[in-house]
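Notes follow the structure.
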Amino acid sequence: VELSGKAMNEKEIVFTPFSHGTFTLVKTIASSLFGRYELGAHLAIEKGDQQYLKMKGGIVWAQTLWFHRCLCVFAMARTNKTKERKYMAQAKRIHKELTKLLKNKNPNVLHYASLLNAEKAALKQKKTQEEIRKLYNDA
């Protein structure tokens with residue numbers, strides 16, 4: 001999937017390291033919001049973009065990127081059972097980072113972590129439907 005239209009064409013852009021990071025962020029969020037989870041999961045697992053998982057501290061949009069990546073990876077783990085372990089490994093890494101931030105008293109990730117807890121519970125199906133529904137409602 002490529003982003004192209006009147007305003008821009010992805011093929012014609014020359015990326016700098018910063019612009020590539022920003023473009024990856026936008027493409028990941030768009031993938032998550034518009035239900036293109038396979039693209040979002042591919043961007044999350046792509047080797048060249050792994051450095052964005054290590055962003056911490058002062059970068060405002062790092063947690064937003066982690067959240068949308070984790071949503072895409074959880075969705076792909078649910079739909080693609082043959083590669084579920086690959087997707088779950090990535091989802092666990094991202095989810096662990098967000099819960100670590102929450103334990104370190106970062107109030108900005110509370111809703112992200114809550115929703116991802118519900119997604120994880122729904123995927124693993126170790127809880128009843130009522131418990132999972134409550135997790136989603138609490139998020």
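Go through region 27-62 residue by residue and tally those that are under 20 Å from residue 109 (Cβ atoms), at pLDDT 85 or above and surrounded by fewer than 19 Cβ atoms within 10 Å (Cβ to Cβ).
Summing the residues that are under 20 Å from residue 109 (Cβ atoms), at pLDDT 85 or above and surrounded by fewer than 19 Cβ atoms within 10 Å (Cβ to Cβ) in region 27-62 gives 1.
Residues checked against (1) buried (at least 18 other Cβ atoms within 10 Å of the Cβ); (2) assigned to a helix (DSSP H, G or I); (3) of a type in the set (A, V, I, L, M, F, W, C):
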{"residue": "70", "(1), (2), (3)": "yes, yes, yes"}
{"residue": "88", "(1), (2), (3)": "yes, yes, yes"}
{"residue": "97", "(1), (2), (3)": "yes, yes, no"}
{"residue": "101", "(1), (2), (3)": "yes, yes, yes"}
{"residue": "110", "(1), (2), (3)": "no, yes, yes"}
{"residue": "113", "(1), (2), (3)": "yes, yes, yes"}
{"residue": "119", "(1), (2), (3)": "yes, yes, no"}
{"residue": "131", "(1), (2), (3)": "no, yes, no"}
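State yes or no: is residue 97 at pLDDT below 85 and among the acidic types (Asp, Glu)?
When the stated conditions are applied, residue 97 does not pass them.
The values are calculated or read from the model by the stated rules, or taken from the named source; none is laboratory data. Because the structure is predicted, anything quoted here is derived from the model rather than measured. Quick reminder, even Gly has a Cβ in these numbers, built from the backbone with ideal geometry, and neighbours come from all protein chains shown.
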